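Here is the structure we will look at.
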Amino acid sequence: MNETIQTLISRRSIRKYKAEQIPESDLQQILEAGMYAASGMGIQPVTMVVVQDKETIAKLTAMNAKIMGTDSDPMYGAPTIVVVLADMEKSANAWSDGCLVMGNLMNAAASLGIGSCWINRAKEEFESAEGKALLRQWNLPEHLVGVGHCILGYADGPVPAAKPRKADFVTYVR
């Protein structure tokens, strides 16, 4: 089987991470894959923010957990978070483009043996006053919309098996 397709089929969401940081060279390759995700009309209305600072990770974790209504760690101890933000003022397709960036990030990570998971609630986080303050701190426009958090790191335990695919996943019209 083609190596790319094998990666796409075998990638799984990782929900427990080692504290060990991923190498900078791997991070740069993952980010480059995100940068080259398809973008409607090539507008590229997406911004990625790489967070490896423990204090900021703790802040994002607390914000996300509050939205979930839990005290657990929704970032699963990952040492790197890539926050994907969409500029809806630049393109009506910005949200979809951000989703494509998230997919590229996760698949690139898997190809390098690095675990990942898409963590939701970024939209709610960056609609909040605390989220707007982070955007200002990062010198980014406050109107950016959170698409997701791509958490990255090394799996602390076995990679989960794939669930069986549903029988009616594909319908053909020929």
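All of the numbers you see were taken from the coordinates with simple rules; none came from a lab. Computed from a predicted model, the values in this text were never measured in an experiment. As a convention, Cβ positions derive from the backbone with ideal geometry for all residues, glycine included, and neighbour counts pool all protein chains shown.
The sum of -39500 (n - 2.57) across all DSSP H runs of n ≥ 4, divided by the residue count of the chain, sets its helix-only mean residue ellipticity at 222 nm to -12000 deg cm²/dmol. Shown for the chain is the translational diffusion coefficient from the Stokes-Einstein equation, using the Kirkwood radius over Cα pairs, a temperature of 37 °C and a viscosity of 0.692 mPa s: 194 µm²/s. Assign one of three labels to the stretch 1-97, namely rounded, prolate or oblate, based on the Cα gyration tensor with a ≥ b ≥ c the square roots of its eigenvalues; rounded applies when a/c is under 1.5, prolate when it is not and a/b is larger than b/c, and oblate otherwise. It is oblate, given that a/c is not under 1.5 and a/b is not larger than b/c. This ranking places His143, His149 by how few other beta-carbon atoms lie within 10 Å of each, fewest first, which gives His143, His149. Screening the chain for whole DSSP H helices with an alpha carbon extent of at least 20 angstrom along the helix axis and a mean Kyte-Doolittle hydropathy of at least -1.0 yields 54-68, 94-111. Among Tyr17, Tyr154, Tyr36, a tally of other beta-carbon atoms within 10 Å of each Cβ gives an order, fewest to most, of Tyr36, Tyr154, Tyr17. Here the relative contact order of the chain, from alpha carbon pairs under 8 Å that lie six or more residues apart, stands at 33 percent. Counted without the sites themselves, the longest stretch of the chain free of GluC sites (Glu not before Pro) in a DSSP loop having at most 13 other beta carbon atoms within 10 Å is 21-88.
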